[in-house]
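Inspection log for the structure reproduced underneath, given as structure tokens.
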2 protein chains.
Amino acid sequence: MEKVGFIGLGIMGAPMAGHLRAAGYELFVHTRSKVPEALTAAGAIACTSAKEVAQRADIIITMVPDTPDVEKVLFGAGGVAEGISAGKVVVDMSSIAPVETKAFAQRINALGAQYIDAPVSGGEVGAKGATLTIMCGGEAATFERVKPLFEKMGKNITLVGPNGAGQICKVANQIIVALTIEAVGEAMVFASKAGADVAKVRSALMGGLATSRILELHGERMIKRTFNPGFRIELHQKDLNLALSSAKALGVALPNTSTAQQLFNTASALGSGKLDHSAMVHALEAMAAHKVAPDA
Amino acid sequence: MEKVGFIGLGIMGAPMAGHLRAAGYELFVHTRSKVPEALTAAGAIACTSAKEVAQRADIIITMVPDTPDVEKVLFGAGGVAEGISAGKVVVDMSSIAPVETKAFAQRINALGAQYIDAPVSGGEVGAKGATLTIMCGGEAATFERVKPLFEKMGKNITLVGPNGAGQICKVANQIIVALTIEAVGEAMVFASKAGADVAKVRSALMGGLATSRILELHGERMIKRTFNPGFRIELHQKDLNLALSSAKALGVALPNTSTAQQLFNTASALGSGKLDHSAMVHALEAMAAHKVAPDA
């Protein structure tokens, strides 16, 4: 059985690592702050550095906030690169920039090790329930080697392509999710201001061409005013920033992603930054001086 | 059994009227050009004017292109208003402006007759297959009276609210559909230009939060380059024009609907106006000087 390392034990990482330990994997962990007691009580071994994790584990998973965090944990002082050796695998499950991911993979490959980018969607609920969607980039043989671990953390697991493809897919996901929330928001504010019962409008649209998971879940949140996260606006802002900076580097125009980011900015200015991303509708409501429904 | 009138026998109206006749309704029809022979052969009675239809039928359905066409057919010379009498019902199944719809309903009510706005989605395929989604506005008792006719033409039939609510719902539908197509388009162009296999990206996203009927159907059309309509860009431009002019009247800002309309304009400029609305991706591709896949 592979020895597994897990670096980054935040809201997402802690339950993900817990599932691996519960499945019987020998688990070496490291995090910026303190390793959760539940993990060490379950038998996870706390290491003093990412380097030590890389020395003791065969497959080293990273789950940290952003691109610079991954770079630091892999290539900074006391980082994974200092402890890794040939035949091991780095699996970055953070959501970071696709272009930098390709460079990170090359630097890990140069040390004789393999790299898989494997960002997830599904949030805290998916992490706790082991129902994450996992979008992977890397070589097929390496993917197959890591897949049993993924299956302890998620359900919809896809090898999208070579290194970087997992991160590209995650960015595409976050673009579609944000813009579909925005679409439902425009429709709800329009219908409400026009005097219609938005709950009935939503029901009438479900089942037709306008149907989406977002209309189902986030449309309901807009109507019922249940904006507890879920997935926070401030996190989606980070992801759209990734989309927009990657788009600039690639020479792609993303007009509605750009507007959606501005609407997230407005929602944050209105005090909704820590609410669920469906609270983007606050920005559209502010622009129309109108609420879809009274605040709960 | 109610006597039914049907005014407007175009691509949508002809098969819809055909279903009513096939169900055994005595059917009085009128259209700007020539009544299709299939309808008269099936026993539909061609009338020389909308007025004559209104004189001879109990429930008078209109299915014409735009707001001015409805106004003309209802209130113009030889129109429905000249032939209608107390106890009859006007059912406008065209997709037109919600605000004008309320005014039309009041003018029909003033003649002692009832009014239902009942725009549809599902296009030519839905009209032929009797699987249209029908979004209704009007009084509950009148809706119940007309419902048996709707059930011959569609499947998902909802009374959304009072007069105008059906049209508001249809506008909301067209906003969501256009913006979800745009969202999928941005994600596909981004992923393709970033070097990913867009078909695999689409598969990885299906089942997650980015799932929608549009990702399923229109996402596939973008990848396979199958842009035969479906629903034409030039028709969706009409619908978004309705959304944007209604939004102006209501004091609602629809930032991404506005951009989507501009992208439809660009797609039309590129020669795609008569293609399926998924060809909006041509505009995004032109902006990135990049195609998701080679043209078929």
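In the set (1) touching a helix residue (DSSP H, G or I) at 6+ places or on another chain (Cβ under 9 Å); (2) more than 23 Å from B:G166 (Cβ to Cβ); (3) in contact (Cβ under 8 Å) with a residue 24 or more places away in the chain, the condition left unmet by B:M206 is number (3).
As a summary of the residue check, A:I61 satisfies the conditions (1) in a helix (DSSP H, G or I); (2) in contact (Cβ under 8 Å) with a residue 40 or more places away in the chain except for the one numbered (1).
Conditions tested, residue by residue: (1) under 21 Å from the mean Cα position of the chain (by Cα); (2) under 17 Å from A:G83 (Cβ atoms); (3) in a loop (DSSP other than H, G, I, E, B).
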{"position": "A:G18", "(1), (2), (3)": "yes, no, no"}
{"position": "A:R21", "(1), (2), (3)": "no, no, no"}
{"position": "A:G24", "(1), (2), (3)": "no, no, yes"}
{"position": "A:L39", "(1), (2), (3)": "no, no, no"}
{"position": "A:G43", "(1), (2), (3)": "no, no, yes"}
{"position": "A:V53", "(1), (2), (3)": "no, yes, no"}
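Applying the criterion of at least 2 residues that are more than 13 Å from every other protein chain (Cβ to nearest Cβ) and modelled with pLDDT of 95 or more to the strands (runs of 3 or more DSSP E) found wholly in the range B:97-184 leaves B:114-117. Determine, yes or no, whether B:G230 is outside any helix (DSSP H, G or I), more than 7 Å from every other protein chain (Cβ to nearest Cβ), touching a strand residue (DSSP E or B) at 6+ places or on another chain (Cβ under 7 Å) and more than 30 Å from B:A140 (Cβ to Cβ). It is true that B:G230 is outside any helix (DSSP H, G or I), more than 7 Å from every other protein chain (Cβ to nearest Cβ), touching a strand residue (DSSP E or B) at 6+ places or on another chain (Cβ under 7 Å) and more than 30 Å from B:A140 (Cβ to Cβ).
The requirement of being more than 9 Å from chain A (Cβ to nearest Cβ) and either assigned to a helix (DSSP H, G or I) or more than 25 Å from the chain's Cα centre (by Cα) (or both) is fulfilled nowhere in the range B:203-215; no residue meets it. The residues of the range A:241-258 that are more than 25 Å from B:L254 (Cα to Cα), within 7 Å of chain B (Cβ to nearest Cβ) and among the hydrophobic types (A, V, I, L, M, F, W, C) amount to a single one, A:L250.
Inspection of the range B:81-93 identifies no residue that is buried (at least 24 other Cβ atoms within 10 Å of the Cβ), farther than 15 Å from B:M16 by Cα and within 14 Å of chain A (Cβ to nearest Cβ).
B:E285 meets each of the listed conditions (1) of a type in the set (D, E, K, R); (2) within 21 Å of A:L205 (Cβ to Cβ); (3) crowded, with 22+ Cβ neighbours inside 10 Å apart from (2). Scanning the range A:260-282 for residues that are buried (at least 17 other Cβ atoms within 10 Å of the Cβ) and part of a helix (DSSP H, G or I) yields a count of 12.
Among B:P148, B:P65, B:P98, which is the only one that is surrounded by fewer than 21 Cβ atoms within 10 Å (Cβ to Cβ) and closer than 26 Å to B:H277 by Cβ? Step through it out loud before you land on a result.
On the way: B:P148 fails: closer than 26 Å to B:H277 by Cβ; B:P98 fails: surrounded by fewer than 21 Cβ atoms within 10 Å (Cβ to Cβ).
Among B:P148, B:P65, B:P98, only B:P65 is surrounded by fewer than 21 Cβ atoms within 10 Å (Cβ to Cβ) and closer than 26 Å to B:H277 by Cβ.
Taking first residues from the range B:104-116 that are under 19 Å from B:R145 (Cα atoms) and partners that are part of a helix (DSSP H, G or I) and aromatic (F, W, Y), the Cβ contacts under 7 Å between residues at least 6 apart in sequence or on separate chains come to B:Y115/B:F104; B:I116/B:F143.
The values are calculated or read from the model by the stated rules, or taken from the named source; none is laboratory data. Given the structure is predicted, the values throughout are model-derived calculations rather than measurements. All Cβ positions, even for glycine, are placed from backbone atoms using ideal geometry, and neighbour counts span all protein chains on display.
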